[in-house]
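The values are calculated or read from the model by the stated rules, or taken from the named source; none is laboratory data. A quick note: this is a predicted structure, and the numbers were derived from the prediction, not measured. Cβ: placed from backbone, ideal geometry, glycine included. Neighbour counts: every protein chain shown. Quick note on the areas: whole protein, heavy atoms, side chains included, nothing else; ligands and nucleic acids left out. Shrake-Rupley method; radii C 1.70, N 1.55, O 1.52, S 1.80 Å.
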Amino acid sequence: MLTPYEARDVDELHRIMSDPHVMQHIGKGALTRPEVQDIVSRVAAGWNETGMGWWTIRLKEKGYLIGQICLRPEKDLAEIAIGYALDAAFWRQGFAQEALQAVVAYGFNERSLSRIVAVVRAENTGSRALLERCGFGQEPDVVIGTKTRCLYATRRVDPARPAAAASRRR
């Protein structure tokens, strides 16, 4: 279950975002509670400006927060990017794939995007494999700031075009 960030999510998000193992491939790494609080506060403004932002990923049965996922402008690339982080206890159980597919569908169907990208560190092999399972193709690496990153992208499939032709557009 995906729900937009709310102020009440700070403690649960901090549990995930302060874990060095979870955050090893994300930004500068583990975050403090004030940093998480600041992010949650800024996310509401992003939703209001772009109709995109961050969601929490929750277990449907109990509502337990197990991760986060976003769809947002990637200013360094002038693209719309997806990003995610999941509590390590829930890795490799299909939750990230389910959330990724739902957010990509939202981007294409509700926001009328034609392309969505993901920027990934080369050593993050789990995330790279997940993106490929979800139909993202690897593109030439990009440099963001001083760091080289892997770029993955997926495009909206036009129902009028055969799937094979659409996959060649990547």
Determine, yes or no, whether L13 is assigned to a loop (DSSP other than H, G, I, E, B) and either in contact with a Ser or Thr (Cβ under 8 Å, 6 or more places away or on another chain) or acidic (D, E) (or both).
no
Tell me whether region 75-86 contains one or more residues that are touching a residue at least 12 places away in the same chain (Cβ under 8 Å) and either over 19 Å from G27 (Cβ atoms) or touching a Phe, Trp or Tyr at 6+ places or on another chain (Cβ under 8 Å) (or both).
yes
Residue list for region 15-38, filter: touching a strand residue (DSSP E or B) at 6+ places or on another chain (Cβ under 8 Å), among the aliphatic types (A, V, I, L, M) and surrounded by fewer than 19 Cβ atoms within 10 Å (Cβ to Cβ):
M23, I26
Subset of region 88-109 [more than 14 Å from the chain's Cα centre (by Cα) and in contact (Cβ under 8 Å) with a residue 40 or more places away in the chain]
A88, F108
Identity of the residue in region 69-112, among the aromatic types (F, W, Y) and not in a strand (DSSP E or B), that ends up most open to solvent (accessible area, probe 1.4 Å)
W91
Hey, L2 hits all of (1) under 26 Å from A122 (Cα atoms); (2) open to solvent by 50 Å² or more (accessible area, probe 1.4 Å); (3) touching a residue at least 40 places away in the same chain (Cβ under 8 Å) but one; which does it fall short on?
(1)
Restricting attention to region 110-129, and to residues there that are under 18 Å from R156 (Cα atoms) and of a type in the set (K, R), which single residue is nearest to the chain's Cα centre (by Cα)?
R115
So is R149 within 19 Å of the chain's Cα centre (by Cα) and either modelled with pLDDT of 95 or more or open to solvent by 20 Å² or more (accessible area, probe 1.4 Å) (or both) or not?
yes
Check region 24-37 and report whether any residue there is at pLDDT below 90, of a type in the set (V, I, T) and in a helix (DSSP H, G or I).
no
Looking at region 43-59 only, could you name the residues that are open to solvent by 20 Å² or more (accessible area, probe 1.4 Å), within 11 Å of the chain's Cα centre (by Cα) and not hydrophobic (A, V, I, L, M, F, W, C)?
none
Give region 130-143 a look and list any residue that's of a type outside the set (S, T, N, Q) and within 17 Å of the chain's Cα centre (by Cα), or say none.
L130, L131, E132, R133, C134, G135, F136, G137
Just to check your reading of the model, which residue among L65, L77, L130, L100 is modelled with pLDDT under 95 and touching a helix residue (DSSP H, G or I) at 6+ places or on another chain (Cβ under 8 Å)?
L65
Long-range neighbours under 7 Å by Cβ, at least six apart or interchain, first residue within 23 Å of S112 (Cβ to Cβ) within region 43-71, second of a type in the set (K, R) and assigned to a loop (DSSP other than H, G, I, E, B)
G51/R111; M52/R111
